[in-house]
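Asker: Dumping the structure here so I can ask a few things about it.
Read the figures in this text as sums done on the coordinates, not as results from a lab. Bear in mind that the values here come from a model prediction, so they are computed numbers and not experimental data. Glycine also receives a Cβ, built like all others from the backbone with ideal geometry; neighbour counts cover every protein chain displayed.
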């Protein structure tokens with residue numbers, strides 16, 4: 001069965017600093033990978049997705065992620081953090097077997113300080 | 001479009017009580033699902049449905065029932081609430097497969113069982 005591991009339940013950065021949120025996946029077949037963001041008291045919304053086209057995927061709000069098969073990773077980055085980026089971020093994986101279900105990681109809370 | 005609407009936003013139950021969490025979507029999505037979100041555990045799939053009349057179990061189905069009589073509605077029933085069911089519950093829907101259609105989430109129901 002597929003799974004994802006997010007390293008670090010909390011990540012703190014200063015405004016303007018690089019954001020790096022880590023996600024490693026486990027799947028015996030080619031995966032589809034996603035990053036979702038959750039702002040306080042809201043549901044999750046899609047940030048970006050990898051579906052076997054380009055390995056570098058650009059999402060909303062300046063975020064991007066790179067699929068690295070050799071490292072089984074799909075880390076999320078943003079060159080310069082903004083206060084509004086403070087939220088919880090979830091990595092998720094799905095595979096193309098039957099009707100695709102998403103399996104979520106445990107989440108990483110991003111804290112941005114001025 | 002309202003998207004995915006969940007009611008109520010907050011609920012407090014006593015152990016042994018029953019209740020139904022409501023979920024409705026107006027996007028004509030085939031796929032609907034219920035997740036629970038607990039600190040440090042991410043989102044875990046409770047039940048899902050791929051269309052009216054079709055439901056299936058997710059990772060953590062025990063203690064919960066679902067039915068899907070219409071495309072729009074997917075209620076989640078707690079038959080006899082337990083403190084372990086204290087959580088935030090999210091309903092989500094999707095119009096196609098994971099690789100080409102994001103999950104649309106409601107804003108959640110925060111349930112406390114005392």
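Asker: Using Cα pairs closer than 8 Å and at least 6 residues apart in sequence, work out the relative contact order for segment A:7-93, in percent.
Answerer: Computed over segment A:7-93, the figure is 39 percent.
Asker: Okay, moving on. State the antiparallel share, in %, of DSSP beta bridges confined to chain A, rounding to the nearest 5.
Answerer: Here the share of antiparallel DSSP bridges comes out near 90 percent.
Asker: Related question: Just the number, please: Stokes-Einstein D of the protein assembly as shown in µm²/s, Kirkwood Rh from C-alpha pairs, 25 °C, 0.890 mPa s.
Answerer: D, rounded to a whole number, is 135 µm²/s.
Asker: Out of all DSSP beta bridges with both ends in chain B, state the antiparallel percent to the nearest 5.
Answerer: Expressed as a percentage, antiparallel bridges in chain B total about 90.
Asker: I've got another one for you. For segment A:37-114 and segment B:1-17, compute the distance between their C-alpha centroids and round to whole Å.
Answerer: 27
Asker: In whole Å, what three semi-axes, largest first, describe the equivalent ellipsoid of chain A built from its Cα gyration tensor (square root of 5 times each eigenvalue)?
Answerer: 24, 14, 12
Asker: Just round it to a whole percent: the fraction of Cα-Cα distances in segment B:58-114 exceeding 20 Å.
Answerer: Everything past 20 Å amounts to 35 percent.
Asker: Just to be sure I understand: of the beta bridges DSSP finds with both ends in the protein assembly as shown, what percent are antiparallel, rounded to 5?
Answerer: Close to 90 percent.
Asker: Please list, by residue number, everything in segment B:77-98 whose backbone N is under 14 Å from a paramagnetic label point 7 Å out along Cα→Cβ of residue B:110.
Answerer: From segment B:77-98, the list is B:86-90.
Asker: Hey, another quick one. In terms of the Cα gyration tensor, with a ≥ b ≥ c the square roots of its eigenvalues, is segment B:11-72 rounded because a/c is under 1.5, prolate because a/b exceeds b/c, or oblate?
Answerer: prolate
Asker: Any chance you could run the full-extension gain for residue A:72 through residue A:7? It's 0.36 nm times the residue separation minus the Cα-Cα distance, nm to one decimal.
Answerer: Gain on stretching residue A:72 to residue A:7: 22.1 nm.
Asker: Compute and list, largest first, the equivalent-ellipsoid semi-axes of chain B from the alpha carbon gyration tensor, each √(5λ) rounded to a whole angstrom.
Answerer: Equivalent ellipsoid semi-axes, largest first: 23, 14, 13 Å.
Asker: Next question. Residue B:10 to residue A:56: FRET efficiency via 1/(1 + (r/R0)^6), r the Cβ-Cβ distance, R0 35 Å, to the nearest 0.05?
Answerer: Efficiency, from the Cβ-Cβ distance: 0.25.
Asker: Could you work out the percent of alpha carbon pairs in segment A:48-105 separated by over 14 Å, rounded to a whole number?
Answerer: That fraction is 62 percent.
Asker: On full extension of the chain, what length is gained from residue B:20 through residue B:2, given 0.36 nm per residue of separation minus the C-alpha to C-alpha distance?
Answerer: 4.4 nm
Asker: Sticking with this one: Tell me, A:82, B:104 in order of fewest to most beta-carbon neighbours within 10 Å?
Answerer: In order of increasing Cβ crowding within 10 Å: A:82, B:104.
Asker: While we're on this one: Would you mind giving the mean number of other chain beta-carbons within 10 Å of the Cβ of each residue in B:42-52, as a whole number?
Answerer: That works out to 3 on average.
Asker: For the pair residue B:28/residue B:67, report the inter-label distance in nm, with labels modelled 7 Å from Cα in the Cβ direction.
Answerer: Distance between the two pseudo-spin positions: 2.6 nm.
Asker: Just checking the output field for A:64-73: average partner chain Cβ neighbours within 10 Å of each residue's Cβ?
Answerer: 0
Asker: Another question, then. What is the mean number of Cβ atoms from other protein chains located within 10 Å of the Cβ atom of each residue in peptide A:33-43, rounded to a whole number?
Answerer: 4
Asker: Over segment A:1-43, with a single point scatterer placed on each C-alpha, what log10 of the ratio I(q)/I(0) does the Debye formula yield at q = 0.24, 0.29, 0.34 1/Å?
Answerer: The calculated log intensity ratios at q = 0.24, 0.29, 0.34 Å⁻¹ are -1.02, -1.14, -1.21.
Asker: Let me ask something else about it. For a footprinting-style exposure proxy, rank B:27, A:83, B:32 by other Cβ within 10 Å, fewest first.
Answerer: Exposure proxy ranking, most exposed first: A:83, B:27, B:32.
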